[in-house]
Amino acid sequence: MFRNIRYLYAVLIIATFSMTASAYWLISGVVQESTKLESVARDILIGVASQTSYELHQFIYSLNQYKLSNSSISKQQLITRYDILWSRRKTNTLGKVGAAFKQLPKAPEFLNQFHITLIETEEAVLSLKRKDTNTLAQLAKRYRDLVPSLHQITIAAARKATIDSTRLHTELKIVGYWARILLPSILVTGFLVAAILWRERKSLNSLTQHLEERILESTLDLRKTNQILKDEIQEREKLEAKLVQSQKMEMVGQLTGGIAHDFNNLLAIIQGNAELLETLVKEENVRLIKPIIKATARGSDLTQRLLAFSRKQPLRPESLNLLSLVESITDLLDRSLGETISVKINAEENIWTALADAAQVENAVLNLAVNARHAMPNGGQLSIDISNFILEETDAIHLTDAVAGDYVLLCVSDTGTGMSKDTMEHAFEPFFTTKDVGKGSGLGLSMVYGFVKQSGGHIDLYSEEGLGTSIMIYLPRALESHESPLSHLSSSDIPQGNGETILVLEDDKDVLILAGKILTSLNYNVVPTNDTETALQVLKSNQKIDLILSDVVLPGGMSGPEFFKENKDIISTQKIIYMSGYPTEAAATTQKSNSWDPNDILLTKPFQRRELALQLKIALMADTQVTKV
Amino acid sequence: MTIYKQCSYFIAGIFSLLLSVSTSSALEPVKGDVVLQVSGNIAVTNTDDGKAVFDRAILMSLPATKIETETPWTDGVVKFEGVLLRDLMELLKATGQSLKATAINDYTVDIPVEDFLKYDVILAYKMNGNLMSVRDKGPLWVIYPWSDNPAIQTEIFHSRSIWQLNKISVK
């Protein structure tokens, strides 16, 4: 590029040079030519005048010679000379030459006189006799008279030529003068223009280059900033969406939890009374009571699920090997998925143990499997991947409510139809279902969601329409080993008591009465109390108390565990069973005061008679093995 | 190009003039007044001293050529009629490079051979259909076809247009 420009300028300079040179050459050529042509034209005018003069003199000479006896001039020659004068007159009047001649001063007068002379002497010339000297002399005189004026014209022609040529010369001198100034100026200008253009081009080039670089730089900067902003906006939008989602879930959860709690108490009363009634009524009327118990069981089941979603179900977290847990339910999975769907289980080596409620994990996996089957009507593959996962602080912000730490990731993926964006947004909401009416409760994913959240884990959903769906469950890593006290329970009979005395502390009168009745029917001795003061009085008395059955939430702002911890010195027994319709409430209040003991048994209201009986039996059987801090 | 053309005409002219030396034919003797006398390097003659002389009748018996042209010495377009100088020189088997032309008033001029080889230069005896007298620059006037050839509208060619011509010497 640069080389080419250099060549261009070289060519430009050479062109300027050669153009100037040729202009100089042309002008001098033209000047020379015009000078030559002009001088030729002047010469011809002088020539025409002097030729006429010459012919006039020749005729006069011939006239003079003719009269001599030894003259060499014939009459014919004389006449020819005369005829030549005629032709001269024509030359001096006709054509361009004649026109130029007539322009000379006094020429028209001369030509007129010349013509008159020729006409007037014609007869005399043609009839001339050699001896007629008189006529000859007269004729010579007539023609001599023409000589002075013709001579003057000749001189005028010469003078005109001189003046013209002088003027031309002057003009040429001026032209030459200007040419000498102008041509070098042109040369210098051309040179300067070329030099300036060269410099301009050079600086312009570097400027342009610099500008381009800067524009490119700033464009890149802008693009980068723009990208960062875009990313931030996206991030923010995502976070906001997640926040909104989680707040919504929280609200729905609270609402659901509230309803479930109150409903549970009602159910407990209905169920308890029905069960009692069952033992009292006649055999033929039992069939009327069975559906009531069944219905309360179903209602209880429903409230359980609602509580699960609202993160308010009673959980018994324990250290779990998720792989062995999943493997243990493989048969169940195969059966519920059908033949067209294959199950693939992958697990990382040295998988950490997770802290979660085993039964709920199973429940969750089964729920997800059912959803997967629904998403794969034409078969496919269900993958369950288990891996260790360290959630960094930076990643934690992407998951609302997530806390950084170690997790065990349980990922359940299908190759099904996937979810639309809209479906994804509502997937965790209770009673939201894509299944036909009556086919699904719409509580499956909600329960899983609530369970995971309640377990201190996270849940995430990834789905692409036509490709499949993955549900990622992050369960917290178990750092200590937790043994489930319930894992040993397997009896199918309702164990009866042996007349042990049980202190019941419950502010709800109906529940208190119900508990009393159930315990009595189970062959226990009941000491009912509906506030802490009464309970304290009983405890302070010498009455032997084998076990305490207490509500978690007590009137007066103190929680059950707090109350008993405070008064542990006067409590003879270390066996306490807490009951609550609202386990998280219990957990919250007890954790706050750090009064919760993992060995304290927690019963969820409404409890079944059998469950209560089992718990009582276990607690009483544990006897002295249980030691408290 | 022009120079090359002129050169080629010149060479061709010499060649043709040389060629014509080999053959000879008689030129009929003059009967009327002599209007033209040709001397110099000519092979065909009709006088004892080796010249060719012409009266008007002989000249007018030769193939005539007409030229319509303007001249600096006449008004408007003029019709001239006469013999091509080329034909005349061929007739006389002339050899040389130029013609020395002389007029009645002893005016002389050299006419190069290439002039009449390249252009149709005539020895005119008629102007606008009339024979030319001495008063009309006759009886013979060398005329170039100026109007058809702007290239020869210059003083050099004008100066070769000799009038009242009566002698030619081939050199």
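Each reported figure results from applying straightforward, stated rules to the coordinates on display, with no laboratory input. In this text the structure is predicted, and so the values were computed from the model without any measurement. All Cβ positions, glycine included, derive from the backbone under ideal geometry; neighbour counts span all protein chains shown.
Can you give the mean number of other chain Cβ atoms that lie within 10 Å of the Cβ atoms in peptide B:155-161?
2
Over all directions, average the projected area of the Cα convex hull of segment A:2-180 and note it in nm².
14.9 nm²
Among A:Val175, A:Ser71, A:Ser165, which residue has its Cα furthest toward the positive end of the charge dipole of segment A:2-180, with +1 on Lys/Arg Cβ and -1 on Asp/Glu Cβ?
A:Val175
Name the trypsin sites (Lys or Arg not before Pro) in segment B:110-145 that are in a loop by DSSP and that have at most 14 other C-beta atoms within 10 Å, would you?
none
Taking the beta-carbon count within 10 Å as an exposure proxy, list B:Thr45, A:Thr423, A:Thr208, A:Thr296 from fewest neighbours to most. Don't skip to the end; give the middle numbers.
Details: B:Thr45 18, A:Thr423 15, A:Thr208 10, A:Thr296 22.
Listing B:Thr45, A:Thr423, A:Thr208, A:Thr296 from fewest to most nearby Cβ atoms yields A:Thr208, A:Thr423, B:Thr45, A:Thr296.
Note down the net charge around A:His57, summing +1 for each Lys or Arg and -1 for each Asp or Glu among other residues with Cβ under 12 Å from its Cβ.
+2
Under the classification rounded if a/c is under 1.5, otherwise prolate if a/b is larger than b/c and oblate if not, where does segment A:184-250 fall, given a ≥ b ≥ c as square roots of the Cα gyration tensor eigenvalues?
Verdict is prolate for segment A:184-250.
Mean separation of Cα pairs under 8 Å and 6+ residues apart, divided by the residue count of segment A:2-180: what relative contact order is that in percent?
Worked out over segment A:2-180, it gives 29 percent.
What does the structure give for A:89-101 when I average, per residue, the other chain Cβ atoms found within 10 Å of the residue Cβ? Before the final figure, lay out each step's value.
Numbers: counts 1, 5, 5, 1, 2, 7, 8, 7, 5, 4, 2, 1, 0.
Across A:89-101, the average partner-chain Cβ count within 10 Å equals 4.
Classify segment A:223-316 from the C-alpha gyration tensor, please: rounded if a/c falls under 1.5, else prolate or oblate depending on whether a/b exceeds b/c.
Cα axes put segment A:223-316 in the prolate bin.
Pairs B:Lys66/B:Lys118; B:Lys51/B:Lys100; A:Lys129/B:Lys51; A:Lys96/B:Lys137; A:Lys294/A:Lys453; A:Lys517/A:Lys617: which are spaced more than 25 Å apart, C-alpha to C-alpha?
Values: B:Lys66/B:Lys118 16 Å; B:Lys51/B:Lys100 14 Å; A:Lys129/B:Lys51 34 Å; A:Lys96/B:Lys137 16 Å; A:Lys294/A:Lys453 30 Å; A:Lys517/A:Lys617 17 Å.
Exceeds cut-off: A:Lys129/B:Lys51; A:Lys294/A:Lys453.
Could you give the dipole magnitude of segment A:172-324 about its Cα centre, charging the beta-carbon of Lys and Arg +1 and that of Asp and Glu -1, in debye to the nearest 20?
Approximately 900 debye in magnitude.
How big is segment A:74-124 on each of its three principal axes, counting only the C-alpha atoms and giving the largest first in Å?
Taking max minus min along each principal axis of the Cα atoms, segment A:74-124 gives 36, 19, 12 Å.
Quick check: the angle from helix A:286-309's long axis to the longest principal axis of chain A, C-alpha only, nearest 10 degrees?
Helix A:286-309 sits roughly 40 degrees off the main axis of chain A.
Any idea what the dipole of the protein assembly as shown comes to, in debye rounded to 20, about its Cα centre with Lys/Arg Cβ at +1 and Asp/Glu Cβ at -1?
It comes to approximately 8300 debye.
So what's the angle, to the nearest 10 degrees on a 0 to 90 scale, between helix A:75-91 and the longest Cα principal axis of chain A?
Its long axis makes an angle of about 30 degrees.
Given an 8 Å cut-off on Cα distances and at least 6 residues of separation, report the relative contact order of chain A as a percent.
10 percent
Given 20 °C and 1.002 mPa s, how large is the Stokes-Einstein diffusion coefficient of the protein assembly as shown in µm²/s, with Rh as the Kirkwood radius over Cα pairs? All intermediate terms of the calculation are to be shown ahead of the outcome.
On the way: Rh = 41.0 Å.
Stokes-Einstein gives a translational diffusion coefficient of 52 µm²/s.
Relative to the first principal axis of the alpha-carbon coordinates of chain A, what is the inclination of helix A:444-454, with its axis defined by its Cα atoms, in degrees from 0 to 90 and to the nearest 10?
Between helix and principal axis, roughly 80 degrees.
Just the ratio, please: alpha-carbon radius of gyration of segment A:317-476 over 2.2 N^0.38 Å, N its number of residues.
Ratio of Rg to 2.2 N^0.38 Å for segment A:317-476: 0.99.
Among A:Asp414, A:Asp145, rank each residue by its count of other Cβ atoms within 10 Å, from fewest to most, as a rough exposure measure.
A:Asp145, A:Asp414
Which lysines does A:Lys230 reach when only Cα atoms under 20 Å apart count, and residues fewer than 8 places away in its own chain are ignored?
By straight Cα distance, A:Lys230 reaches A:Lys238, A:Lys242.
Please average, across the residues of B:64-74, the number of beta carbons from any other chain that are within 10 Å of each residue's own beta carbon, and give a whole number.
If you average over the peptide's residues, the count of other-chain Cβ atoms is 3.
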